[in-house]
Structure formats: structure tokens, C-alpha cells
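Remarks on the structure that follows.
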Amino acid sequence: MPLSLTEKILSAHLVEPKEGLPARGADIAIRIDQTLTQDATGTMAYLQFETIGLDRVKTELSVSYIDHNTLQEDYKNMDDHRYLQSVAARYGLWFSRAGNGICHQVHLERFGIPGKTLLGSDSHTPTGGGIGMIAIGAGGLDVAVAMGGGAFHLSMPRVFGVRLTGSLRAGVSAKDVILEVLRRETVKGGVGSVYEYFGPGVASLSVPQRATITNMGAELGATCSVFPSDEATRSFMEAMGRGSDWTPLAADEGARYDKVIEIDLSSLAPLAAQPHSPDAVATVSSLAGKPVTQVAIGSCTNSSLSDLAAVAAIVKGKTVAPGVEAGISPGSRQTLMQAEKTGILGELIRAGFRILESACGPCIGMGFAPNSGGVSLRTFNRNFKGRSGTPDASVYLVSPETAAIAAITGVISDPTLVASSLASAAQVFNTPECGCIRDDGMLIAPLPLGQANKVEIVRGPNIKPCPASPELPDSLECPVLLKAGDNVSTDDIMPAGAKVLPLRSNIPEISRFTFERLDPSFYDRAKAFSGCFVVGGENYGQGSSREHAALAPMYLGVRVVFVKSFARIHKANLVNYGILPLVFADPSAYDLLSQGDVLAVSGIRSAIGGADSVTVTRKGDGLSVTAKVELDARSRKILLSGGLAAYTRAGGQ
């Protein structure tokens, strides 16, 4: 039977079942070849890895990146960096130092290999699908288990084929491709699915363009996205000095998909995601003329050399408009050096762009926040309310071309109007698509085992042990401490930003910010109870993979979360930390419950052991609603064990 590329890679990595791919939705376990962490999630992941008791990671390759918490207002972030470097040396990981670049771009350039599996403690790990990897974002505890040699468990995904034809017009970019997919599919359309790109239009896209598309596939709620490995991939790998890592990969002729989305690249127009969701997509032409106060170009989505070349081509000989502040975050040190060599950097500086660090920075609210009530055009992947660091800012997600022309005109403008300069961008700067400077001086290779065993782990005062997950009792009677709406993001549950991110290794302290954006009183109210419930709507927990959005609620006593539907990674994180995720059997039951209701749930452990539902009763009037237990067999065992750490220590696989 002909297989899709997704099915071919998964089948080559199957641990369970032993033979043959199961039906969609069935439980599978896959071998993980590579892992990555970043500093906002890595400290907690490695604290948990240390408890496994191994001398060395068991993956083919694991990398610890410093790219999130690089704003060092006090000792906390630097202490985390020193801890992470010492852990990498002790346990056999590569270490990418602060300033070397954003994990996803550096991994694509230096480590990614077609056909391999990659698990990362960052939701945008699917960037690796741009070179033909099955690259999946997960919580840090799942990554710790994978580094210890454990399989990664998931449901066999549906495979959605995206057939590309034609080629992009000048002024239209890969960002517009993924925004078009988001416009059609929404932020919850990809849950439980992989988006696999194929068709004659694929050949016209470079690896950086493909990586932009797979990166923002995370915004669809997808497990991951993947492109074939072809001549464009080979060219990229050779430019990276890693031609020997290339192998051709594609779906079998006649492969069948669960559905097919047809996109003619030639027909696409520049698009923008409006505030405050990546799927609130409109054409740039419909927004033309809207004044802009800030432009930010970069993030793991759009900070490659070709992205910067397109911007430089538009702003060459011009100056950023008087009412606009503009910044550039090159995706990697390698990109920054190549931009300097080719003259791109000089053009950006002459035009008035601020050159920011090669790090995540403004994308996670770590500096370069917009003005109050400002309009910020960003080439990033998320525009959730307040994520930029300014609660009342309006953030639009756009291509580098759209951002660049807005920077010099001061208003949203259609980049196809400067198509002639864009068409010749590569010639203007004589830049090969991928760059040719290769300098791994800011990467520290793993130590041999004999030396590694002598390394002392460095722990600063902000690094605290991970709190243990409680065991679920058979019955609970708790108040609904929060009732939230649809599309609650992990930013809503646990914010990022300069104030909060330095506390990622200190759960008691970071828990003070739990649900702060939805209800600033939540922390104080939670501390007054010995346990509580949370009620939510559709797509609860969308966005980042940050496990702190489960860890901190667990620490504050959240025992059960009742929702209409969950985002994939957050649901897994809730299970990993012993919080029971329940789904309303009838979504209309959501409207019957209110904040302050006291709910009783009994027979919890027997339900987790095998039942498909539980009855939830409201104290006072006896109202009963049914909630579904939508969990695979392994997740049920994890919950009965008191979380993934306890399950793993007990020998669970």
C-alpha cells in the first residue's frame, strides 16, 4: 500500500505496535532520534532528567539552546544558563550559547537530518519539517523521558495533504502560504493531524520558506508539518556543509491522504493575521493605509538570510518612517555574519532599523514592546493579546516584505507594489539562499564520558526542585475557581515576558502569575483552598508547549480541568502532572456551570481505569453533567501513578 511521507517516517521509528501502522487515532510509540530544549523550558526538563539516574543521554543527538531568557536584569537567567551548560557537559549534550541564535533556525542549519525524528520542549519544533523531519513539540517532561531513551507516545495522526501548484509572485511569501492555510483551517483545525506538503509547487520553495510554513503549522494545533527532502533540501544541506546528511525522501506515488487542500501559489495575495489570533486572516490590501507604530522582523518564523535580503531590498536607500520604530532579530549568528558580509546588515542599519540580539526577544515579550495602544506589524507566529508585553497593543502577523514596506511608509501597504525590487533581492546582495559562512564557535560539543562524569552541576539560588504531582483520589469536591472562554492560550495560563520567564526554574514563585491575564485574583483565591477545578471552552491550552501552564496550576491545587476541547500538548502536560482533563459530553453543559460552583466527582480512579465518562454533580441543586474521559491507555496509567515522573520511576514505558 502506498504510504505518505509521514507514514513512512513514523513506520521506520515505531516502537509500539511492533509491526504495521495502526488506524488513525490509535496509540503509537516512536523512537526519538534527536531532542532540543531552550532555556525557558530546559531547566525544568533537565532537573527532571537528573532524577532518572542516567550517566548520559541515550538519543543520537540532543542540544540545549539558550535563546529565550537572554535579557539579564539580575542573576536569575544567567544562573539558569550556567546550570544548563554544566548539565550539557555532564550528560553528553551539545550546548548552544547565548547569542548563537534561535533554537529552531540553528537546529535547521547545523543538526537537522531528513527522515529523523526530533522532539523539542518548544511548540515550534515542527520547523524541522522544512527539511523532511518528523519534528514534534512537547512538554519538557516528555523530552526528558526521550533523552533517557524512552519512546514518545502519541495518537496515530491523520495526514492532511497540502497540494501546492504554481509559484509565488514577487511580493508574496511563504508566510502568506501558511496564513492561507490558517485562514481555511483555523487554530484548532489541525489537532491530531500532520500537514504534509506535496505537488509541483513544492520545488519552487527554498528550505527557509518551507521552514516558515512548518513552523507556523503549530498555530493550526497540528502534531507537526512536513515537506519532502528533494533537490532544494540537498542544496540547503550542502550550503550548510552537511551534504552527507542529505537523503531524498517523498511520499509514495499514489499515497492517500485523509483530506487534500489545494493551493495555487500563483494566486495568493499578501495576507495578515489580525489581532488577536493567527487565524484572523485578511488580505493586506483590505488593511492598506492603517497607520503603524512598530515593525519587528525576526523570530523562528522569518529571520533567515533570504528574509533579511528581501527586507533590505525594499528599504535600500530609504529611511524608516518618522512615526515607526523598527527592529530586526537575525535568526542565528551565522545569518548575522552572512548579512554583514553581503551588505544586507549595512542597508538595514542605514535605513534606521535597530539590530536586536539573535534570540527570540520580542516574540515572547522579552523586550521591544510596542507603545500603549500601538499597532505592531511582526513577522512572528503568535499575536495573542498581551504577548508582546503591551496589553492593549494591536499585533498583526505579516511577511517580512509586508513589514518592510510598512516600516518605510508608516502604514500597512501591499508589498506587490514593489515587486520589481523584491524580484531582484537575491541579485542585489548576491546572497546564496542559505548563506555560506559556517562558524560553530558558539556551539560546545559533548564531552567524552570519562570527562563528563567529573563535571559538577552548577545550581543558583533560583533553581528549585520540581514539585511532586499529587495522586488523584477517587472522589473530589472542589469549587470552580475559574471559568474561561474559547481558545485560552498557555500565555493566558502562564505568561511569558521579562517579568515571568526568569522564574521558570522556580515553581513556587512563578505560580503567582497563574491565570494572571484572565483573573489577577486567581493565585490568592487558590491558596485559600486545598483544591479547585477550572472550566474552559474550545481549544483550551493552545499555543506554547510550556509545561509551566500545567505545573503551576498543579502546584496551586488545580485537580480537574473541564473543557469543550483541548489543545494537544497542553492536554498531555496536564496528564504528566496529574491533573485530570475532562471533556463535556454535551458542549452545552458548559453554559450551565459558573465560577464559584462547588462540584463533586466520584469514582475517579475506576473511571480512569477503564470507563469512558464520569458524572459531575453540582452541590446545592444537584445538577448533573457528564464529562468524557478521552485518554489513551498509557495516559490513564500515568494519572493513576500520580504523573509521568512517578510513572517513569516505577518502570512505566
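Nothing in this text is a laboratory measurement; each read-out follows from the coordinates by a stated rule. Predicted model, so just to flag it, every value in this text is computed and none were measured. Glycine gets a Cβ as well: all are built from the backbone with ideal geometry, and neighbour counts include every protein chain shown.
The base-10 log of I(q)/I(0) for the range 55-138, evaluated at q = 0.13 Å⁻¹, reads -0.43 [Debye formula, identical scatterers on Cα atoms, solvent excluded]. Students often get this wrong, so check it: of 175/637; 499/619; 76/628; 18/464; 175/316, which have C-alpha atoms separated by over 30 Å? From the list (175/637; 499/619; 76/628; 18/464; 175/316), the Cα-Cα distance tops 30 Å for 175/637; 499/619; 76/628; 18/464. Each label was represented as a point 7 Å from its Cα along the Cα-to-Cβ direction; for residue 528 and residue 439 these points are 5.8 nm apart. Loop-resident GluC sites (Glu not before Pro) (DSSP state other than H, G, I, E or B) in the range 215-294 with no more than 11 further Cβ atoms inside 10 Å of their Cβ: 253.
Based on the alpha-carbon set only, what is the convex hull volume of the range 476-649 divided per residue, in Å³? Working shown, then result.
Working: hull volume 18.2 nm³, N = 174.
So the per-residue Cα hull volume is 105 Å³.
Which whole number in µm²/s is D for the range 1-75 by Stokes-Einstein, with the Kirkwood Rh taken over Cα pairs at 4 °C and 1.567 mPa s? Rounded to a whole number, D works out at 84 µm²/s. The simple spin-label model puts a point 7 Å past each Cα toward its Cβ; for residue 250 and residue 54 those points are separated by 3.6 nm.
By the equivalent-ellipsoid construction on the alpha carbon gyration tensor, the range 271-429 comes out with semi-axes of 22, 18, 13 Å, ordered largest to smallest.
Exactly which trypsin sites (Lys or Arg not before Pro) in the range 506-549 are in a DSSP loop and have at most 13 other Cβ atoms within 10 Å? Could the numbers behind the result be given before it?
Details: sites: 512, 517, 525, 527, 546; in loops: 517, 546.
When the trypsin sites (Lys or Arg not before Pro) of the range 506-549 are filtered for loop state and at most 13 Cβ neighbours within 10 Å, nothing remains.
Summarising the amide proton neighbourhood of residue 326: residues at separation of 5 or more, or on other chains, whose placed amide H is nearer than 5 Å comprise 295, 354. Residue exposure proxy: 521, 204, ordered by other Cβ atoms within 10 angstrom of their Cβ from fewest to most, comes out as 521, 204. So if I take the centroid of the Cα atoms in the range 490-520 and the same for the range 339-361, what is the distance between those two points in Å? Taking the Cα centre of the range 339-361 as reference, the centre of the range 490-520 is 32 Å away. Sorted largest first, the principal axis extents computed over the alpha-carbon atoms of the chain equal 70, 56, 56 Å.
Think of each Lys and Arg Cβ as +1 and each Asp and Glu Cβ as -1; about the Cα centre, that makes the dipole of the range 271-429 roughly 140 debye.
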